[in-house]
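Read through the structure below, which is laid out as structure tokens, and then see the notes.
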């Protein structure tokens with residue numbers, strides 16, 4: 001079956017530009033997570049959505065970062081006025097909600113020049 | 001203090017040996033613990049989850065949890081070169097679904 005998909009797979013942008021990263025979770029999964037992974041580092045939690053509940057935004061590093069999830073499915077992570085330190089792989093994961101296994105997408109590799 | 005700490009390694013073991021990976025966490029109320037494997041350039045994939053004190057075995061993998069010591073480990077028996085990867089310890093914090101990952105331990109299994 002289809003797994004978690006993310007687009008674009010790679011994104012190169014100039015400092016100061018805005019970027020949007022998209023995540024399509026596994027159909028029927030109610031929970032959706034965003035993480036950031038810098039080169040050689042672990043995963044940094046950004047935000048979590050569960051059904052219709054208010055998202056847990058406690059991991060967003062600054063107000064330049066925002067995310068939304070429309071219709072309980074697709075999610076978009078937006079980074080405004082990108083900085084070079086935003087360069088990383090952005091990973092999305094989903095889970096059925098009643099289980100805790102997270103299924104990860106392939107990630108979006110963001111490079112800010 | 002980091003919320004989830006792992007030895008970054010690299011940990012090098014010969015083929016057929018036991019690899020032991022360790023993790024400590026700071027949130028004493030945590031109830032859910034996970035080990036993910038991440039191959040270079042790939043996304044993490046779940047190997048084991050553990051929720052109760054003691055050992056949990058799945059094939060060549062054994063997860064061990066000691067909540068009193070805030071310690072969780074992963075043992076890989078009969079290590080294979082294909083086990084060479086980064087192993088990420090993940091802990092779900094108390095009171096919600098936020099999951100904190102350690103920085104990972106790089107494992108090399110020498111043929």
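The values are calculated or read from the model by the stated rules, or taken from the named source; none is laboratory data. What you see is a predicted model; the values in this text were computed from it and never measured. Glycine gets a Cβ as well: all are built from the backbone with ideal geometry, and neighbour counts include every protein chain shown.
When you check residue A:3 against the structure, is it touching a residue at least 24 places away in the same chain (Cβ under 8 Å), surrounded by 13 or more Cβ atoms within 10 Å (Cβ to Cβ) and at positive phi, yes or no?
Working: touching a residue at least 24 places away in the same chain (Cβ under 8 Å): yes; surrounded by 13 or more Cβ atoms within 10 Å (Cβ to Cβ): yes; at positive phi: no.
It is false that residue A:3 is touching a residue at least 24 places away in the same chain (Cβ under 8 Å), surrounded by 13 or more Cβ atoms within 10 Å (Cβ to Cβ) and at positive phi.
Determine whether the range A:63-70 contains at least one residue that is over 29 Å from residue B:85 (Cβ atoms) and in contact (Cβ under 8 Å) with a residue 24 or more places away in the chain.
Yes; the residues of the range A:63-70 include at least one that is over 29 Å from residue B:85 (Cβ atoms) and in contact (Cβ under 8 Å) with a residue 24 or more places away in the chain.
Please go through the range B:4-23 and give me each residue that is within 14 Å of chain A (Cβ to nearest Cβ) and modelled with pLDDT of 90 or more, ordered by number. Show your work before the answer.
First pass over the range B:4-23, keeping only residues within 14 Å of chain A (Cβ to nearest Cβ): B:4-10, B:21, B:23.
Listed by number, the residues that qualify are B:4, B:5, B:6, B:10, B:21, B:23.
From the list B:73, B:49, which residue is modelled with pLDDT under 95 and surrounded by 15 or more Cβ atoms within 10 Å (Cβ to Cβ)?
Unique residue meeting the criteria: B:49.
Select the strands (runs of 3 or more DSSP E) contained entirely in the range B:1-43, then report the ones holding at least 2 residues which are closer than 20 Å to residue A:89 by Cβ and in contact with a strand residue (DSSP E or B) (Cβ under 6 Å, 6 or more places away or on another chain).
B:4-6, B:32-38
Just checking, how many residues over the range B:89-102 are within 11 Å of another protein chain (Cβ to nearest Cβ), surrounded by fewer than 18 Cβ atoms within 10 Å (Cβ to Cβ) and either touching a residue at least 24 places away in the same chain (Cβ under 8 Å) or in a strand (DSSP E or B) (or both)?
Qualifying residue count, the range B:89-102: 1.
How many residues does the range B:32-45 hold that are exposed (fewer than 15 other Cβ atoms within 10 Å of the Cβ) and more than 10 Å from every other protein chain (Cβ to nearest Cβ)?
Selection size over the range B:32-45: 2.
What single numbered condition from (1) farther than 15 Å from residue B:103 by Cα; (2) crowded, with 20+ Cβ neighbours inside 10 Å; (3) touching a residue at least 60 places away in the same chain (Cβ under 8 Å) fails to hold for residue B:63?
(3)
Name the residue that is surrounded by the most Cβ atoms within 10 Å (Cβ to Cβ), counting only residues in the range A:42-58 that are free of Cβ contacts under 8 Å to residues at least 24 places away in the same chain and part of a loop (DSSP other than H, G, I, E, B).
This residue is A:42.
Among what's in the range B:46-73 and is outside any loop (DSSP other than H, G, I, E, B) and within 12 Å of another protein chain (Cβ to nearest Cβ), pick the residue that is nearest to residue A:93 (Cα to Cα).
Filtering the range B:46-73 for residues outside any loop (DSSP other than H, G, I, E, B) gives B:46-50, B:54-58, B:61-66, B:71-73.
Next, from what is left, pick out any that are within 12 Å of another protein chain (Cβ to nearest Cβ): B:46-50.
Values: B:46: 12, B:47: 15, B:48: 17, B:49: 16, B:50: 19 Å.
In this case the residue turns out to be B:46.
Yes/no per residue for (1) more than 27 Å from residue B:106 (Cα to Cα); (2) within 14 Å of chain B (Cβ to nearest Cβ):
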| position | (1), (2) |
| --- | --- |
| A:20 | yes, no |
| A:29 | yes, yes |
| A:41 | no, yes |
| A:51 | yes, yes |
| A:68 | yes, no |
| A:91 | no, yes |
| A:96 | yes, yes |
| A:103 | no, yes |
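Restricting to the range A:75-105, and then to whatever is at pLDDT below 95 and part of a loop (DSSP other than H, G, I, E, B), can you tell me which residue is farthest from residue A:40 (Cα to Cα)?
Checking each candidate, the answer is A:98.
Give the range B:74-88 a look and list any residue that's touching a residue at least 60 places away in the same chain (Cβ under 8 Å) and away from every other protein chain (no Cβ under 14 Å), or say none.
Scanning the range B:74-88 gives B:78, B:79, B:80, B:81, B:83.
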